[in-house]
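Single-structure report; data block below.
The values are calculated or read from the model by the stated rules, or taken from the named source; none is laboratory data. In this text the structure is predicted, and so the values were computed from the model without any measurement. We place every Cβ from the backbone using ideal geometry, glycine too, and count neighbours over all the protein chains shown. For accessibility, only protein heavy atoms count, side chains too; no ligands or nucleic acids. Shrake-Rupley method; radii C 1.70, N 1.55, O 1.52, S 1.80 Å.
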Amino acid sequence: MQANTVSTPIQPAGKVLQLSLWSVQTLMFAAFILFGFQKLSMPAEALAAMWQTQWPAEYPTLLRLTGLIDVTGGIGILLPALTRIQPRLTVHAALGCTTLQICAIIFHAMRGEFAALPLNFILLPLVAFILWGRGKRAPIAPR
């Protein structure tokens, strides 16, 4: 005896969703590349003065590590989907960027650096949208 299962077919993603995802992916690519190269190339003291917080000078290794994560996350959010070479890496990059933003919110909140939080609260839903969109609703098929 076979069990009858009812499955609801997933409708293909619409043009508005696709356009929104590509737009947000491109924006996040540019933002994370910019932030990452800034963290990797500028002196920690200069970033501390520019951002009006001491954490870059206090934790230069963390600064460089998050810069590297930003750059790789930015690349991963766009290029695998764009080239359709291992597009699942876009989902992994979006998960990593989402996790990074959650960690950044906790880090800054624990240090009382509330002025830094608005950027993280803007980036978090954007990378979560990519995670949801490319993971569940509008995945990219590999070549």
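Run the dipole for the chain about the Cα centre, Lys and Arg Cβ at +1, Asp and Glu Cβ at -1, nothing else charged, and hand back the magnitude in debye, nearest 20. Mind dumping the intermediate values first?
Details: 10 positive and 4 negative charges, 138 e Å.
Here the chain has a charge dipole of around 660 debye.
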Sequence order, the range 68-74: Karplus ³J(HN,Hα) from phi using 6.51 cos²θ - 1.76 cosθ + 1.60, θ = phi - 60°, Hz rounded, Gly and Pro as x, gives 5, 5, 4, 5, 5, x, x
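Per residue, how much accessible area does the chain have with a 1.4 Å probe, in Å²? All intermediate terms of the calculation are to be shown ahead of the outcome.
Details: 8790 Å² over 143 residues.
Here the per-residue accessible area is 61 Å².
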Per residue of the range 17-31, in order, report the coupling 6.51 cos²θ - 1.76 cosθ + 1.60 (Karplus, θ = phi - 60°) as ³J(HN,Hα) in whole Hz, putting x for Gly and Pro. 5, 4, 5, 5, 4, 4, 5, 5, 4, 5, 4, 5, 4, 5, 5
Restricting to DSSP H runs of at least four residues, report the calculated mean residue ellipticity at 222 nm for the chain, -39500 (n - 2.57) per run over all residues, nearest 500 deg cm²/dmol. -24000 deg cm²/dmol
